[in-house]
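Single-structure report; data block below.
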Amino acid sequence: MRSTTIFEGEYYHILNRGVHKRPIFNNDQDRYRFLFLITHFQSPFIFTDVGQAVKIFKESLRQHSVLTSNIQEIVQGRRVELTAFTLMPNHFHLIVKEMKTGGIATFMQRLQNGYTKYFNIKNEMNGHLFQGPYRLVHIKDNEQLLYTSAYIHRNCRELKEWKDREAEYPWSSYQDYIKQNRWKKLLSNKVIMDQFTSPQEYQKWVESSGAKEDFLEKVEDID
């Protein structure tokens, strides 16, 4: 049983990885699919053809702006609010806010089940994709919120080809903080960005925070 109690209006750091640390993304098509799910499954809105919706979504991202016609409906009915994310080869990190009771549980069930089904069909597999229940960390105060955002946005430093190039990593919300927000209202970064005078100030803070190096020393309540 999960020991962390989820409260409306509170922020949580969510993470999970592939079973036996195996990759959960084989290519960009997989990553686009997952990005669509984390941004568009914030509400109970039902997509009758997810594949076609993802195709439109992918094309719009090439123009650096989501063009889906369902943004307003998603925002008005969302159960969770997405604040930050990063996708790594065998794991992912999210910061989300619980907007309605049971929102995170519903969101994560829909996200992981939907992506697992897609991944297994595509790769002619069956069984579990993720190593188990997602891990959940209650973000208890503003300092931890800021620190966790920095940790998430520095995560791609684990990848040799992206070290010191975090701002260019396409599978993270970092560029949506320091450049243009590709997701419009589907990514709610104001709670963090309103604390900095400019995107450049946030970028400087992230790059000097050392969050990646000592994260496990600061966060001790991962389920």
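Pairs please, first residue from region 186-201 and in contact (Cβ under 8 Å) with a residue 12 or more places away in the chain, second anywhere and part of a loop (DSSP other than H, G, I, E, B) and of a type in the set (S, T, N, Q), Cβ atoms under 8 Å, 6+ apart in sequence or on different chains.
Close Cβ pairs (under 8 Å, with a partner that is part of a loop (DSSP other than H, G, I, E, B) and of a type in the set (S, T, N, Q)) amount to 186/42; 187/173; 187/181; 189/173; 189/181.
Please find, within region 23-70, the residue that is modelled with the lowest pLDDT out of those that are farther than 15 Å from residue 172 by Cα, in contact with a Leu (Cβ under 9 Å, 6 or more places away or on another chain) and among the aromatic types (Phe, Trp, Tyr).
Across region 23-70, the extreme among qualifying residues is 57.
Sort out which residues of region 7-61 are closer than 25 Å to residue 148 by Cα, surrounded by fewer than 17 Cβ atoms within 10 Å (Cβ to Cβ) and among the hydrophobic types (A, V, I, L, M, F, W, C), and write them in order of number.
7, 19
State which residue is nearest to the chain's Cα centre (by Cα) when the search covers only region 133-174 and only residues that are free of Cβ contacts under 8 Å to residues at least 40 places away in the same chain and farther than 19 Å from residue 95 by Cα.
168
The values are calculated or read from the model by the stated rules, or taken from the named source; none is laboratory data. Every value quoted in this text rests on a predicted model; they were computed, and no experiment measured them. Virtual Cβ from ideal backbone geometry, glycine too; neighbours counted across all protein chains shown.
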